[in-house]
Each structure stands twice: as structure tokens, then as C-alpha cells.
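Below is one structure, written out as C-alpha cells, with a few remarks after it.
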Protein chains: 4
Amino acid sequence: MSEPMIALAAHLKAQGIDVIVSDEVTLKLNARHLPDAEIANAADLIIAVGGDGTMLHAARLAAGSDVPLLGINRGRLGFLADVMPADMLPKLDQILAGEFSRETRLMLKARLIENDGNIHEALALNDVVIQRWETGRMVDFETRVDGCYINTHSGDGLIVATPTGSTAYALSCGGPIIEPRLDAVVLVPICPHTLSDRPIVIPSSQEIEVRLVDRADLQAEVAVDGHSLGWLTETSRLLISAADTRISLIHPPEYEYYGILRSKLHWGRNNRMRQAMDLDED
Amino acid sequence: MSEPMIALAAHLKAQGIDVIVSDEVTLKLNARHLPDAEIANAADLIIAVGGDGTMLHAARLAAGSDVPLLGINRGRLGFLADVMPADMLPKLDQILAGEFSRETRLMLKARLIENDGNIHEALALNDVVIQRWETGRMVDFETRVDGCYINTHSGDGLIVATPTGSTAYALSCGGPIIEPRLDAVVLVPICPHTLSDRPIVIPSSQEIEVRLVDRADLQAEVAVDGHSLGWLTETSRLLISAADTRISLIHPPEYEYYGILRSKLHWGRNNRMRQAMDLDED
Amino acid sequence: MSEPMIALAAHLKAQGIDVIVSDEVTLKLNARHLPDAEIANAADLIIAVGGDGTMLHAARLAAGSDVPLLGINRGRLGFLADVMPADMLPKLDQILAGEFSRETRLMLKARLIENDGNIHEALALNDVVIQRWETGRMVDFETRVDGCYINTHSGDGLIVATPTGSTAYALSCGGPIIEPRLDAVVLVPICPHTLSDRPIVIPSSQEIEVRLVDRADLQAEVAVDGHSLGWLTETSRLLISAADTRISLIHPPEYEYYGILRSKLHWGRNNRMRQAMDLDED
Amino acid sequence: MSEPMIALAAHLKAQGIDVIVSDEVTLKLNARHLPDAEIANAADLIIAVGGDGTMLHAARLAAGSDVPLLGINRGRLGFLADVMPADMLPKLDQILAGEFSRETRLMLKARLIENDGNIHEALALNDVVIQRWETGRMVDFETRVDGCYINTHSGDGLIVATPTGSTAYALSCGGPIIEPRLDAVVLVPICPHTLSDRPIVIPSSQEIEVRLVDRADLQAEVAVDGHSLGWLTETSRLLISAADTRISLIHPPEYEYYGILRSKLHWGRNNRMRQAMDLDED
């Protein structure tokens, strides 16, 4: 239970707003507790206080409902948690007064289908990651889109990321940034053995299938927004497609996607000018 | 005038098809010559014989018309010229008999607007490239989409590529592969000074603006599919948007986009199996 | 027991050469068996038949002795196993007759020092890899050389590779190729969170230290040439330095390091010419 | 003539030190002017005030002499100009009192040998860059070390960088960072057509040769530390080897190479901790 949450709850309750918390330690907040599964039905707005990881968690709660998300970070701007704690209360009042921008983000549905017909299913706001967890071995896997064979890959695994996830793990693995309004998904191989095995951006309307090949003793873990969904083995297969519903994000009215990128990636005018100075001769 | 062109012209004329050539040396082909600008109006199908560069040239001829393009390569498969010369005649007959797949590809319109109002305009099937041509200097430029500031870049320049162009120069500069059905454009910085200045994929419906900044003595050349459009200076600006029309490509019926990628990028099953062998212990 | 090994053993025995095998199934070979630990003392030459993985295994047997290694691959050229099976017998006779080139390769010594003073130690011909094995979490670690702090990294881990290992896993993670005669080691971060966290090449005379930071619950596995050495935790530390001895490799006289690179990485003249054709216009 | 230079000259003259300037506007400084070519013979220490570009210029003046270089930047830390203007005077006094660290840096000698025997020669502290300057064309060139063929490359060109230059243009093109004490040179292809055409680090004792291939109409400019040396054509060749002498750099006693890297590349502890916060859940 963090200081910002306490201040936030008090501020909202003072306005007569019903505050529900998913956290069990609700005493300090003088707020109503509901289990995770009931939050989306009961709330008009979900406020996540923390980092981008907290936003991913909140997205799982909100998925499938129309309840929008608002992210408040704790000290440092996130890609998703874009309200600074210092501005939190005035920004929130502005939003409650109807001044905000709203956007929706693509989510992915991952289905891990086992040999015996068992299906493990989960939604991702960022990414579905297939990754080997065995020292000194590569994993070999095949990718298909809408049934059409793409490639057989060797390496540490594969990231299937939404535009939202393109600035998370996928970026560390050499993937491009994808503007969130684009209905696209990117397949980013992780440390691929073949140097020409490069990221591919495809329409989100296509279904991606991933299967392991050849080695009966290998397996790869499937993680959805950082949470394990299960293991891909030689006899199972993983299907990834756009989820039926999208998630809604609420931003303060001055929100700009590229402004967040500039801040997070050290981009922009000032940065450039200093660098120009480094290389200029007198 | 190449051997394949002679064989092709003869084969078509034998079927009573009117053969028009853009090349001036038409005697050998016993074919009609028309200047480049009239080809699209007069033809039902444009066949380009050569490499991908020839296809780019043919795309400029066909742009704005509905006349589709067919590409025959000379010895090695291209990303665009995907009929092998050995198969040329039977494939062509198949296509003339109506058995083919047809797809359209996004083209870009580049407009270089000078201070005095002069506008230089051209269409690109692959890419619009802004590049410094001066030893030992970086170029500094700003990018905007639909009027919204993205970033100020320092480096050798910028590639704005279509999905078709994503496997050309943009790939050498670290850009992703983009599936041609996606209505997207990728901005790929060329050798950027800032390591976090990464490729960005955006919807093709957005207008991109590029301007130089700060240094009155620098300029950058703007090239459209490899042909110079003019120079970007401190007082001019470059606008890039989706062209009003798309280009149509004709392929043999068994054409597969990913099959071309696998062939050109040394991907696929066999490649993987050999590599697996390299690292396996006995 | 593979066909090449049987042919090889027979060929050597026919010349009166004492053949020792590390493999336990020695009957077919009519050869002497010795346990791994005794091979280096008893042999004048160790022949590894397999892929590069087999060569890494043989290097562990030979390490610390002067016994050189010869690598015979099984069907496809390796970076280390550079004699093709088809040429095996004549090449071997040439080598036995004294016609060969001999080179030595740097090996690394990894020491994992636990809180209680326990030390796990091993030699690497390719690399020492520190890698997180936990879904959805990054590992944070600090690097030092000769006691001097380099950086604090976040990501999937770190590869410390010899020149020999620079063309193995390190290459997949964005590391450079290092010519084997250079007494250097490269530190390659694996999928680093910070895009400016780039490979660093340092003299092999320096001692590298790696420690985890901050999160008591995280650990990272340390693997030496693909074999687990143990776990790096918040209270242990990993020291990596040049091993006291180098390994000797025997090659056929016509061996060329860059020839192997060209073959393995699809480099060279022919490749270029085909590509030039792709882009040329007529 | 900048403010720091005026302050610096006054400070030194007040101590009775003979101040020589290469700049022609010497009146304000009340200092002696000498042409560039005579500076190294007359001075005991060369102080460069500006950015890294100014340091490269000073290195050309000092090359071949034993006169060491000290770099004072103008507002932002450089890789080479590592004294901040605010600290300039006390640091300089410390250095004049004998408290400093001195290191030497490898320089390269580039020789462009034309068909008619003409030789253009220059020394590089950072890099020798071979680069095409023609819209829409790749340049094809072959590399050799000590007469041994490495590869035939297609792309925008090649950077041959010293360890000092490894953090300049080479870093933007995907090259590794090389610790300055390593006697090594890195060959970094610029936007290579072949994705497996990767940076190679070799001992600086080897002579590198670069030649164009195949296309009579293409040429590439050769630039040494950003200054044009001439044009590489089909009939000329470029030889690059370690220069006979190294350059000496003077640093304040607390200088640390990795400290400079951390500052310039946004590395280090604080950076990591903020990022960890971004991804942590509560």
C-alpha cells in the first residue's frame, strides 16, 4: 500500500466517489475490497498505481469489459503509467471532469493446445514470449501465419508483441517501435542463430502458430505478459491471434504518444544539440 | 536487349499478342516501341525483365494506371522479379490463361517543397531516402507525423519505406520486414548517432514531414526509389504520404510471399537442420 | 559410434597407431578405452568427430596438456571441426606426415565463488554465459574489470566470449567477430534493457567480475561452454580471466580462418555477384 | 576564439607559461601564434578546447611528436575532451603540478595508392571511412588482411576504426566498443547488403587492404578522421595499418575510461534503478 494510493483514495472519497481496491490491505484506505475477478464489473475506471508491470496486471482485470485504465507511476514515467505522482490529483480531477483522451490498444489471445486437447488460454497487452530455459541448447521452432509456413527458427525463442509491447522486451531484442494505432503484431526472434532471421510485422488479423520441431527432449516456456502459461513441447502448439476486445486507456488531455517515447528513450531536441556540440570543431 | 526479352517477345507475338517495348532497340524484337509515358495507357500487362531495379522502373511507368506488373528475373530470384527465366514461357502462358494471383502494393508520394514554392514530386514503390552526402558530418533533422513532432535525429539520414521497400535498403539499416498487406510505413534512421533512435512503424494514412535543423551549410539528398528528387535544405521541407493509387503485381498461382523471403534470406528448414548439426554433440 | 569414427580407427590402426577412445563402446573400433580424465596424458593427438560441440568437449579433455586437437565434422563444416568427412583419411595422413598448421586458442577460466568460500571452477574455449532463467524478470548485474566498475546492466544476462566463442552464441546476441590471434575477450549483454549497453572488447589479461545486484530473490545460471557451473546469487560472485594454458588446434595446411567464416556466414564473391544482379537495372 | 580559451591563456600566462595558439586571432589572448605544422615542435603540451572534433584536429598536429594532448570540452563531456570548463583551471594546475594520468592511443596510417603511383597518406586517431556517395547505388569492395582475402562486401561502405574511434561513427554502425589499451582495429561494414556481414576485430599489427570491385563507374570517398583523403576507384587501392607512433593523452588523475562511457552512453547504477522501477509490479 503506497503513499500515492492513500492520497488518491482519500481524494476520491472526499468527492463522494466509491473507491474499490483489489489489494487486500484496505483498512488504511477506508475503501471497499473486491477480488480481482469482480473489479471490472463493479468499477467505472481502474486506476493502476505503480509501474508498467502494474498496468499489465490491471489490463488483465479490465480485459473483456469496457472499463478504461488510468496509470499513475511511482516516480518515473512509464510507457503505460503516464501520470506523474506529483500531478496525480489535479490530473485526476481534470479526467473526472471529462477532460481526457481515450484510446484503445490491441490485446492478443494466446492459446496453448496440448496433445490431449487441454487448452491454456490468456490475454496479453504486451507480448507472448516463447523461450528456451535450458543451458547451452537452442530451441528450434516453426512459425506459420494463417496456416502459411513462414520460417524454421533456431535460437533462444520468439516474442510476439502488440504495438504496446513493441517498446518492452521486443525492443531489447531488436524489434521496431510500432505506433499503437496500427493493427499489427511483430514477431521478434530472440538471439536467433541465423543472422538474417529478422523481426516481421504482420496484420493483427492473422493467426500465428508456433510449434517446436525435431527434438523430443526440448521444451520452451510460453509466457503471457511475463506470466507463465505453460510449456510448448513437441506435441503441443501455440496459437496467437488478436483478442476479441481491446483495452481502453485514459490519458490526461495533453498526452502524446511520441512525447512518452522521447522521454523514455532519451530522444529529442536537447539531446541532439548536446551531441552536435560533441563533434563540432570550433 | 537481353535473350529472355527476345524469347519472350517472340513467344507472345506467336500468340498474336501486340508487344510494345519501352526500350528503343526494338528491331530485333519485331515489336512496337512507345515512349515510357505512353506505355501504361497502351498496355494490358507490363512485363519487366531484369532485377528488382527494373521492377522499380516499371512501377513508375504503371503508377496511376490499373495496368499490372509481372517481373521476370535474369538468373536469380528477386523480391519483386519472382519468375525465373527457365520457367518464363510456361508461367506466362498460365498467366495469360487467367491462372495467377494478383496483389496490390502501397506506393508513397514524396513532395519536396522548396522555399520559393517549387514542388518536386515523385512516387516510390520501395522507399524515400534522405541522406547526407558530406564527408565527416552528420545531418540533423526533425520528423513529424500528421503535424505531431516525433524526434530530432542526428546521423546519416532516414529511410521511409513501404512494406515492399522493407526488404531493400531499410533491411540493411536495421529495419523490420513488413508484410505487404499491412497498410504501414517504416521510418528507419540511417546510422543514427543516438543508439535508442530505432525504426518506427506507423499507419500509412499518416503524413510524414522531414525538415533539416540548425546548420545552414548542410543539405541532404532526397532519393525516391534510388533516383534523386532534389536537395533538402534548411528552408525546404519534405512531405511523404501514401500515394492515391497502388501498384498491381501479377504472380504465378503458386506464389508465396514467405517463400520469396525464405529464398532470399537463406531461411527455412534445411538451413536450420544443418545448423543444428553444427552445435550438437554426438 | 559413427561410421566416420570406425573408418578413422581402422585407418589409424592399419598404420600401427595406438587408438584410444573416450567412448565406452570400443568393441567395434578394436581400440583401447580410457576414461576422459586420462586421455590427455596418454594421447599425442586428440581427434574429435562431430560438430563444434564435440570440439568443445574435447577441448575440456585437452586443456592443461600440450596435446593438440583435430576436428572432423559430420557432414557440414564447423567453425572448429574443419575437416570434412569425405577428405578425412587423406587429410589425416598429410597431418601425420607433418604437413599441418598449428595454432593456439585462448581459453577462459571461470570461478564462481560462493558466500561460504566454495569455489566452482571450469575452463571455456567458447564462452562463459550468465543468464536469467525466470519468466518475465530481468536480471540486474554489475561488471568490473581489474576491480574497476564498468556498468550496471539489466536484461537477460551476459556472455563473456573468447575470440573462438565470438562466432558462437555471442554472434547471435550482436557481438563482433574477433580474430583468434587477438588476446581479447568480448562482453556481450544478452537482450539488454538499455539500448546503449553494447558489446565491449577488452584485453584478455584483465580479470572480469560479475555480481548480481539488488534483488534477493533473483539468480542467474552460469554456464561454461554450455555446461552449468552453478548459480550466481546476490551473495556469490563470478570471476573470469584468461586460463593459464591455451588449447592447440591442428588444421590441414590449406586452412584459412577467413575461409571458414566465408563458408559459415554465406560470405564471399559469389554471394555478392548474385546480389548485385538483383538490384541492377538493365 | 572562445571564452574558455581566453581564460585559459590568461591563467597560463600569469604563471609565466609561454602560450602558443594555432588560431590566427591571437590578439585577445596576448599569445604567440604559430602555424599548425610548427606547433608540435614548439610545445610541451597541446590543449584542445572544443569537442571531440577539436581533439581529432589537435591529434593531427601532435602526431609523430611526443607532445601530449589535453582536451577541454565546451559544456558537455566528450569521449576525448574530458575536462569540463568549470573545472578547467584547477584541473590544469593539478596537471602542471605533475598530477595526471597519461595514456597512449593507437593511430592508423591510411595510404591511398593510385594507379599512376601517386600516394595520398594521412593519420587517423578515430577512423578511416570508405563510403559511396552516389544515390541509389551500393559499392562493392574486397577486404584483405596481410594479403589474405577476407570478404567481398556490398553496401554503403566500411569503417576501419581504432579503439578510440570505436565509440564514434563505428558505434552508430553497429560496431563494438574496444578498450583503448587493446592493440586492435575493427572493420565495421556500413549498412551492409548481407546481414551476416558483421564487424570484425583484428590485431592492429595486420595491414588491411581495401579495393573496389567490378563496376568501372563507381567510386567511394576515403575519409580520415572526417577529412577527405581522395577517391577509391577500380584502379586504386587503400592500405591501412598501425601508425609508427601513438598519440599521448593527458587526463586528470581521477580519469576513468569506463566513467566516460557511462556518462556518454547513459549507463550506470542510477539509470538501471529507475528502469527496474518501471517494470516492477508492486
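Taken together, the values in this text are just the output of simple stated rules run on the coordinates, not laboratory data. Everything numeric here is computed off the predicted structure, so don't read it as measured data. Cβ atoms come from the backbone with ideal geometry, glycine included; neighbour counts cover every protein chain shown.
Some observations on this one:
- Peptide-level mean, for B:134-145, of C-beta atoms on other protein chains within 10 Å: 5
- Across the identical copies, how the D:Ala97 labels are spaced - nm, sorted shortest first, 7 Å along Cα→Cβ: 6.0, 7.4, 9.5
- Remark: the stretch D:203-211, residue by residue, has Karplus-estimated 3J(HN,Hα) of x, 6, 6, 8, 8, 9, 10, 10, 9 Hz, where x stands for each Gly or Pro and the curve is 6.51 cos²θ - 1.76 cosθ + 1.60 at θ = phi - 60°.
- Computed over the stretch C:108-242, the P(r) tail beyond 26 angstrom holds 12 percent of alpha carbon pairs.
- Cα-projected label distance for D:Ala14 with A:Ala97, points at 7 Å along beta-carbon direction, nm: 5.7 nm
- Length, then width, then depth: along the principal axes, the Cα atoms of the stretch B:84-139 run 52, 31, 14 Å.
- For the residues of D:165-178, the average number of beta carbons from a partner chain within 10 Å of their own beta carbon is 6.
- Efficiency of FRET between B:Asp116 and A:Tyr255 - r from beta-carbon atoms, R0 30 angstrom, step 0.05: 0.20
- Estimated distance in nm for a label pair at B:Asp217 and B:Arg137, the labels positioned 7 Å out from Cα along Cα-to-Cβ: 0.7 nm
- A label point on B:Ile6, set 7 Å along the Cα-to-Cβ line, lies at 5.7, 7.8, 9.1 nm from each of its counterparts in the other copies, closest listed first.
- Each Lys or Arg adds one and each Asp or Glu takes one away; over the other residues whose Cβ falls under 12 Å from the Cβ of B:Val201, this sums to -2.
- Averaged over peptide C:66-76, the number of partner chain Cβ atoms lying within 10 Å of each residue's Cβ comes to 1.
- For A:Ile190, the residues whose amide H sits under 5 Å from its own are A:Asp156, A:Gly157, A:Leu158, A:Ile159, ignoring neighbours fewer than 5 places away on the same chain, with H placed 1.01 Å from N.
- From phi via Karplus (6.51, -1.76, 1.60), per-residue ³J(HN,Hα) for the stretch C:225-240 in Hz, x at Gly/Pro: 6, x, 10, 5, 9, x, 10, 8, 10, 5, 9, 10, 9, 10, 10, 10
- Under the Karplus curve 6.51 cos²θ - 1.76 cosθ + 1.60, θ = phi - 60°, whole-Hz ³J(HN,Hα) for the stretch B:83-95, x wherever Gly or Pro sits: 9, 7, x, 5, 9, 3, 5, x, 4, 5, 4, 4, 5
- Cβ nearest the rotation axis (B onto D), residue from chain B and distance to the nearest whole Å: B:Trp133, 3
- Ranked from largest, the principal axis spans of the Cα set of the protein assembly as shown equal 80, 68, 67 Å.
- Semi-axes of the equivalent ellipsoid of chain A are 36, 26, 16 Å, computed as sqrt(5λ) over the eigenvalues of the C-alpha gyration tensor in descending order.
- Distances from C:Glu254 to itself in the other copies, using label points 7 Å out along the Cα-Cβ axis, amount to 3.7, 6.2, 7.2 nm in increasing order.
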